[in-house]
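Structure first, commentary second.
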Amino acid sequence: MKRLTPEQKTRIRRVLSHAVLIAMLAFVLVPYIMVVSASFRRGNFAPSSLLPDHVSLEHCKYVLGIPYEEVVNPATGETRIVKAETPPLLWFWNSIKVSSIASIGILLLSGTAAYAFARIHFKFRSLTLSSLLILQMFPMVLALVAIYVILDFMGQYVPGLGLNTQTGLIMVYLGGISGYIWMLKGYFDTIPASMEEAATIDGATQFQTFTQILLPMSLPIFAVVFILSFIAFMSEYPVASIVLQARDKWTLAVGANSFLAEHQKLWGRFAALAVLSGVPITVMFLLCQKFVVSGLTSGGAKE
Amino acid sequence: MNQGFPIRQILVALLAIPSLFVTFLVYQTGNAYIALALLAVVCLGVFVYLNPSANAFRYLFPGFLGFGIFVILPLVYTIYIGFTKYSSQNLLSFDRALALFRQETFAVEGAATFKYKLYSQDNGKYVVYIEDEKDATKRFASEPFDLQPAEKPKAQQEPIKLNPLPDGQEVEGTPMEMAQINRAKLMSPLKALRFSLPDETIVGLEGLTKFASRQRLWQTDADGKLVNKKDGTVIRPDFRQGFFVNDQGEKVGVGFRTFTGFDNYMRIFTDSRIRGPFFKIFLWTFAFSALSVFLTFSLGMLLSVLLEQPDIRFRRTYRTLFILPYAVPGVLSILILKGLFNQEFGAVNELLRGLFGFAPEWETNPWGARAMVLLVNLWLGYPYMMLICTGMLQSIPSSIYEASAIDGSNQRIDFFHLTLPLVLPAMIPILISSFAFNFNNFNLIFLLTGGGPQMVGGNAGETDLLVTYTFNIAFRDSGTNFGLASAIATLLFILVGFLAWINLRLTRKQVKI
């Protein structure tokens, strides 16, 4: 066999790399293409082809809450008007609302706590910090009985905070702060305290040094925490499914799964909902990619 | 900072006053201990924000409050439930179960009888008025109460109190004729109601026209036994079983919650119906998490190495497209893949059938389902590993590769002898937390397979993880068993908490170096 020159070797390597990457990309992209096609196809079958055979906007209309005509009996041409009672896109809006409010809450709670852990000395500081992380490992799904009881109790006294309310759900989400406290604290630790010390000498209070010096310097990490927690809440299913009972209060996760119930699987409607709500979120994520990557390498995890 | 205007004090007051009001409401409705705890929290809050020496806690208080209510409190409560018998059969507290026995009545012969009238009120409520047939001065009336037409009120309802009505005073509202009561379908709900006179006698509708006093069926003994006054049988509470039992040891009436110590834990390890699936599921959970970590890390590493080659084109485009499964909300991705892996109509099998004439049973075969779960998790999880590996690769100085190239190394040697040994130690905390995350990956299993297919001869599924198995014990099974589920949850927590602790130790060591 003839020995290859280094140039040939490089070329083979490059071609092979592209071949592997493109093959992998096919695996990654095909499911999404199929869902897009399923959302434009008439009928509610499981996605199975790249291009829809009968293009129809019925599922998109259904998801948007626009009435459309459906052929009930192909022989007689009998039709009926179909309109969703609760437009499924409302679930997407609910999810956006719940996730963004909860994420802002997470920012406030974990930001202030992380500041205390990073800058103020108090007893049992590192013990508290470790306990936070370990306690958070308790799977929330399995504490649902307790969460149910607590929300039920709160709802008896403060009507807006009980079961079947989105504010109640947001409150529950606000418990999950410890991972974010760690991320923020880690970032604060990398910022030298000298500027804050100088400001203190100039007469600034602690609160002022926090809000006017440390916070402006930490905006990137706050963006990361916001994005990561937002995405985590968008995908949260079990707690939302137990807390929210009324159809018009559901979040995207609960609503999307409801289309795929055991007895009646509505793939077309699910696909349309997935496309209409997945695309904006995905675009937002890709635009913020740079932030997310920097946050991940500093130690956050998506749940 | 305080320029004469007490902003902080006003803010504290604005938050404290409504909180105190709620605390008062809680106290008023009879939850004294909870009210006390709330009061303590409010006082602590006021102290933290007004006392200058507590400044660290000013920043910690809001976060700790949320964490305390929605993480620590549920955790403690769940651990507690793990030590109790608490299920659909043992649902009520002991006091409520006892009260139910105390409410059971029976008609006595020769009992006092009363004429009665039902008055309807303007606000849709009703008042019952009764008058002793032998002594017309003994007159009683209830407060207005709700009565739902054609619906039997729950048997557990407390008796409605009847208060003496002074002479000359009449009940407000419109008296209803018998026919009216019938027409409004109020007869059967009324018949199911019990009323109590001031001397604790229970009265109820007897026939259609009269009220008669009834006697309580069970009498409490000094030592906690209940004696049946009709037939003389004796029952006593069995706190081990959470039921009242008679002399023959048979359960009588409703069960109650009871503290049973380590019974639930013993059941996990001794009851063959639970032990069998439990250990099988434990093994699978372990294998699933380990394999998921290994597969996602391998693929993520491969992709990041390929994309880090200096002469690769379209790097940014590739990277953006490869991140997609991470960017799309996880729930949607899982459900999309569930559709693709549909055994009969899904795209995966359609393709395999077309290419190889073979269609794996992703839904009904245990190994097929396990393979699908792993494939889907690989698809969902590799972008995260790819991002992390990319970050690490970029932090390796290129000079060491240049040095090894001079020594005549090739790419395979570079990867296994330079890159991997450098990246792996730094990756260990990430791999451990990824393992812990997958150990409790509820969403994936619950939404993708629901645990299915069913295990032979058990109520668990072949792809169930411990977390979904436990969830099903608590919420889905025929006999929802919160006690047992909480005990398993506690074991799970100990396990995963231990992993987190090891992880902490490891990262701390690294930081020190």
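Considering the alpha-carbon set of the range B:156-271 alone, what are its Rg and its Dmax in angstrom?
Rg and Dmax of the range B:156-271, Cα atoms, are 21.3, 71 Å.
Put one equal scatterer on each alpha carbon of the range B:443-485, apply the Debye formula with no solvent term, and list log10 I(q)/I(0) at q = 0.22, 0.26, 0.34 1/Å to two decimals.
For the range B:443-485 at q = 0.22, 0.26, 0.34 Å⁻¹, log10 I(q)/I(0) is -0.67, -0.89, -1.20.
Run through the DSSP bridge list for the protein assembly as shown and note the antiparallel percent, rounded to the nearest 5.
Among the beta bridges of the protein assembly as shown, antiparallel pairing accounts for roughly 95 percent.
Report the extension gain between B:SER93 and B:HIS417 in nm, rounded to one decimal, defined as 0.36 nm multiplied by the number of residues separating them, less their alpha carbon distance.
Extending this stretch completely gives an extra 110.2 nm.
Excluding ligands and nucleic acids, what accessible area in Å² is computed for B:LYS115 using a 1.4 Å probe, to the nearest 10?
Probe radius 1.4 Å; accessible area of B:LYS115 about 110 Å².
Could you pull the Rg and Dmax for the range A:183-226, using just the Cα atoms, both in Å?
For the range A:183-226, the Cα radius of gyration and maximum Cα-Cα distance read 10.8, 33 Å.
Express in % the proportion of alpha carbon pairs of chain B at distances exceeding 46 Å.
Percent of Cα pairs beyond 46 Å in chain B: 44.
Using a 7 Å offset from the Cα along the Cα-to-Cβ direction at both B:ALA111 and A:SER131, what is the distance between the two label points in nm, to one decimal?
Spacing of the two 7 Å Cα→Cβ label points: 5.7 nm.
Residue separation times 0.36 nm, minus the C-alpha to C-alpha distance between A:THR167 and A:ILE191: what's the value?
5.1 nm
Run the helix sum for chain B: -39,500 (n - 2.57) per DSSP H stretch of 4+ residues, divided by residue count, reported at 222 nm to the nearest 500 deg cm²/dmol.
So the helix-based figure for chain B works out to -17000 deg cm²/dmol.
Quickly work out the A:ILE33-to-B:ALA32 label distance, labels modelled 7 Å from Cα along the C-beta direction, and quote it in nm with one decimal.
7.2
What pairs in B:LYS138/B:LYS229; B:LYS134/B:LYS229; B:LYS134/B:LYS210; A:LYS249/B:LYS338 have C-alpha atoms more than 21 Å from each other?
B:LYS138/B:LYS229; B:LYS134/B:LYS229; A:LYS249/B:LYS338
Could you tell me the convex hull volume per residue, in Å³, taken over the Cα atoms of the range B:229-298?
124
Project the alpha carbons of the range B:209-333 onto their principal axes and report the range along each, largest first, in whole Å.
Taking the Cα atoms of the range B:209-333, the three principal extents are 95, 47, 22 Å.
From largest accessible area down, sort A:GLU85, B:GLU158; use a 1.4 Å probe on the protein chains.
Order by accessible area, largest first: A:GLU85, B:GLU158.
As a test of reading the structure, rank A:ASP189, B:ASP238 by solvent-accessible area (1.4 Å probe, protein chains only), most first.
Ranked list, largest accessible area first: A:ASP189, B:ASP238.
Once you average over the residues of A:207-216, how many Cβ atoms of partner chains fall within 10 Å of each Cβ?
Per-residue shielding by partner chains comes out at 1.
Please give the net charge around B:PHE341, taking every other residue with its beta carbon less than 14 angstrom from that of B:PHE341, where Lys and Arg add +1 and Asp and Glu add -1.
Residues near B:PHE341 contribute 0 overall.
Starting from the Kirkwood Rh over alpha-carbon pairs, what translational D in µm² s⁻¹ does the range B:105-216 have by Stokes-Einstein at 25 °C and 0.890 mPa s?
Answer from the Stokes-Einstein relation: 173 µm²/s.
How large is Rg/Rh for the range B:324-458, to two decimals, with Cα atoms and a Kirkwood Rh?
1.12
Subtract the Cα-Cα distance of A:LYS97 and A:THR211 from 0.36 nm times their separation in residues, and report this length gain in nm to one decimal.
Taking A:LYS97 through A:THR211 to full extension adds about 38.4 nm, to one decimal.
Using only Cα atoms, figure out Rg for the range B:272-512 and give it as a multiple of 2.2 N^0.38 Å.
Compactness ratio reported: 1.18.
Would you compute, from DSSP H runs of 4+ residues alone, the mean residue ellipticity of chain A at 222 nm, taking -39500 (n - 2.57) per run and dividing by the full residue count, rounded to the nearest 500?
-20000 deg cm²/dmol
Rounded to the nearest 10 Å², what accessible area does A:MET34 show when all protein chains are kept and the probe is 1.4 Å?
We get 20 Å² for A:MET34.
Percent of Cα-Cα pairs per 10 Å bin, from 0 to the last occupied bin, for the range A:200-295, please list those.
13, 29, 25, 18, 9, 5, 1
Could you pull the accessible area for A:THR167 with a 1.4 Å probe, rounded to 10 Å²?
70
What FRET efficiency comes out for the pair A:GLU78/B:ARG353, r = Cβ-Cβ distance, R0 = 51 Å, nearest 0.05?
Computed FRET efficiency for A:GLU78 and B:ARG353 comes out at 0.90.
Taking every eigenvalue of the Cα gyration tensor of the protein assembly as shown, multiplying by 5 and rooting it, what semi-axes result, largest first, whole Å?
58, 35, 28
Would you tally the net charge around B:ASP311, using a Cβ to Cβ cut-off of less than 14 Å, leaving B:ASP311 out, and scoring K and R as +1, D and E as -1?
+4
At 7 Å along Cα-to-Cβ for each site, give me the label-to-label distance between B:GLN309 and B:ARG508 in nm.
With each label placed 7 Å out from Cα toward Cβ, I get 4.4 nm.
How do A:VAL20, B:VAL373 stack up against each other in accessible area, from largest to smallest, with a 1.4 angstrom probe?
Accessible-area ranking of A:VAL20, B:VAL373, largest first: A:VAL20, B:VAL373.
Where q = 0.21, 0.26 Å⁻¹, what log10 of I(q)/I(0) comes from the Debye formula for the range B:309-386, counting one point per Cα?
Relative scattering, expressed as log10 I(q)/I(0), comes to -0.96, -1.16.
Can you tell me how the range B:4-85 classifies by the Cα gyration tensor, rounded, prolate or oblate, using a/c under 1.5 as the rounded cut?
oblate
Any idea what diffusion coefficient the range B:381-513 gets from Stokes-Einstein, in µm²/s, Kirkwood Rh on alpha carbon pairs, 4 °C, 1.567 mPa s?
In µm²/s, the coefficient rounds to 71.
Applying 1/(1 + (r/R0)^6) with R0 = 30 Å to the Cβ-Cβ distance of A:ARG11 and B:SER404, what FRET efficiency is obtained, to the nearest 0.05?
0.85
Could you calculate the FRET efficiency of B:PHE47 with B:TYR80 from 1/(1 + (r/R0)^6), where r is the beta carbon distance between them and R0 is 22 Å, rounded to 0.05?
So the FRET efficiency works out to roughly 0.15.
Based on the alpha-carbon gyration tensor of chain A and its eigenvalue square roots a ≥ b ≥ c, which shape applies: rounded if a/c is under 1.5, prolate if not and a/b is larger than b/c, or oblate?
Oblate, because a/c is 1.5 or more while a/b does not exceed b/c.
The values are calculated or read from the model by the stated rules, or taken from the named source; none is laboratory data. All values reported here derive from a predicted model rather than from experimental measurement. Neighbour counts run over all protein chains shown; Cβ positions are idealised from the backbone, glycine included. To get the accessible areas, we keep the full protein, side chains included, count just its heavy atoms, and leave off ligands, DNA and RNA. Shrake-Rupley method; radii C 1.70, N 1.55, O 1.52, S 1.80 Å.
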